[in-house]
Amino acid sequence: MARVLTLEEAIAELVHDGDTVALEGFTHLIPVAAGHEIIRQGRRDLTLVRMTPDIVYDQLIGAGCASKLIFSWAGNPGVGSLHRFRDAFQNSYPVPLEVEEHSHAGMANRYAAGAAGLPFAVLRGYIGSDLPNHTKTIKTIECPFTGERLAAVPALNPDVGIIHAQQADRNGNVQLWGITGVQKETVLASARSLVTVEEIVDELEPRPGAVVLPEWVVTAVAEVPRGAHPSYAMGYYERDNAFYQKWDAISRSRELFEEWLNTEIFGKTRSDA
């Protein structure tokens, strides 16, 4: 049975310095609150994995938590660049950042291979791209049956997989619905997993198209209302587009970012900072 912990307890127990950590959710149900708790607990030297690094990874990178990013697209959705990510990659500020870039299809297949216990995934992809010239974890293999040249990418098996969902029951069974990405594969591929949820209920009510993760594949569950904000949770709250727009100005400036970090994450006043 998955254990029900507070968010603070779960991050303290499951996420360690030097871990490979995946926080997944595709536009919807992004585990932002978990990312903030990782910052508060001062984790360092993390390898961050995510199909679409958006502002939560910008925040983690800007706070100095990450030494490497494995990703397939990075940006502030609908707005532009992730400036803390750019500053780390281009200027090694606040710490140097190594990058490993893939396509969406490549990342999804890597998670699926990890979830299936396979060493690598095979796909038709990267054709016409220069990514294989820059990413060592993209290889070409020949199909033993047809002779076709295919792309091969290694499985992803994070130390910790973190996702957000709408509900869990008191035994730790999890249910999420709406736009889903690779949340299921992330949990199954990871050595340890944390699911933050909008609420813990007595019984999960079946919903069309929902993904259910049984208690035995989840390490811990934490009840974190609005844990995806400024992302959204279908049935609970909408996406905060205004915050995504504001983030562009905050992340452009090292000083504004530090001010945001001190006030919004660490709860300091100007006199404390």
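The values are calculated or read from the model by the stated rules, or taken from the named source; none is laboratory data. Only a predicted model underlies this, so the values are computations on that prediction, with no experimental measurement involved. Here Cβ is always computed from backbone atoms with ideal geometry, including for glycine, and neighbour counts include all displayed protein chains. Ligands, DNA and RNA are excluded from the accessible area calculation, which covers all protein heavy atoms including side chains. Shrake-Rupley method; radii C 1.70, N 1.55, O 1.52, S 1.80 Å.
The spread of Cα positions in region 68-152, taken along each principal axis and listed from longest to shortest, comes to 48, 28, 26 Å. Convex hull volume of the C-alpha atoms in the chain, normalised per residue: 136 Å³. Here's how it looks for G181: its modeled amide H is under 5 Å from those of F26, which are all 5 or more places away or on a different chain. Across region 258-263, in residue order, what do the Karplus-derived ³J(HN,Hα) couplings come to in whole Hz, using 6.51 cos²θ - 1.76 cosθ + 1.60 with θ = phi - 60° and x for Gly and Pro? For region 258-263, the Karplus-derived couplings read 4, 5, 4, 4, 5, 7 Hz, x marking Gly and Pro. Sorting 124-130, 37-43 by their mean Cβ neighbour count within 10 Å, with the most densely packed peptide first, gives 37-43, 124-130.
Put simply, the amide H of A121, placed in the peptide plane, has neighbours under 5 Å in V153, A155, leaving out anything fewer than 5 places away on its chain. Overall, region 177-263 carries a charge dipole of about 360 debye about its Cα centre when +1 sits on the Cβ of Lys and Arg and -1 on the Cβ of Asp and Glu, all other atoms neutral. About its Cα centre, the chain has a charge dipole of approximately 660 debye under the convention of +1 per Lys or Arg Cβ and -1 per Asp or Glu Cβ, with nothing else charged. Over all pairs of different C-alpha atoms, region 105-257 has a mean inverse distance whose reciprocal, the Kirkwood radius, equals 17.9 Å.
For V99, the residues whose modelled amide H falls within less than 5 Å of its own, excluding neighbours fewer than 5 places apart on the same chain, are L69. Solvent-accessible surface of region 25-151, averaged per residue with a 1.4 angstrom probe and all protein chains in place: 44 square angstrom.
Restricting the calculation to Cα atoms, every distinct pair contributes to the Kirkwood radius of region 140-193, found to be 13.9 Å. In the chain, helical runs assigned H by DSSP with n ≥ 4 each contribute -39500 (n - 2.57); averaged across all residues and rounded to the nearest 500, the mean residue ellipticity at 222 nm is -8000 deg cm²/dmol.
Take every DSSP beta bridge whose two residues both sit in region 21-143; close to 10 percent of them are antiparallel. Note that region 156-166 has calculated 3J(HN,Hα) couplings of 9, 9, x, 5, 9, x, 10, 9, 10, 9, 6 Hz, one per residue in order, obtained from phi through the Karplus relation 6.51 cos²θ - 1.76 cosθ + 1.60 (θ = phi - 60°); glycine and proline are x. A simple rule links phi to the HN-Hα coupling: the Karplus curve 6.51 cos²θ - 1.76 cosθ + 1.60 with θ = phi - 60°, which for region 116-130 gives 8, x, 9, x, 7, 10, 10, 7, 8, x, 6, 5, x, 9, 9 Hz, with x for Gly and Pro.
The charge dipole of region 128-273, taken about the Cα centre with unit charges on the Cβ atoms of Lys, Arg (+1) and Asp, Glu (-1), comes to about 480 debye, rounded to the nearest 20. For the chain, the fraction of 1.4 Å probe accessible surface lying on carbon and sulfur atoms is 50 percent. If you wrap the tightest convex hull around every Cα atom of region 16-129 and split its volume per residue, you get 118 Å³.
Choose one of Q175, N133, Y232: the residue whose Cα lies farthest towards the positive end of the charge dipole of region 128-238 (beta-carbon charges +1 Lys, Arg; -1 Asp, Glu; about the Cα centre). Checking the options against the dipole of region 128-238, the answer is N133. Within the chain, antiparallel bridges make up roughly 30 percent of the DSSP beta bridges whose residues both belong there.
Once the dipole of the chain is set up with Lys and Arg at +1 and Asp and Glu at -1 on Cβ about the Cα centre, which of L60, A165, S92 lies farthest towards its positive end? Among L60, A165, S92, the one farthest towards the positive end of the dipole of the chain is S92. Max-minus-min Cα coordinates of region 185-273 on each principal axis give 47, 28, 25 Å, with the largest extent listed first.
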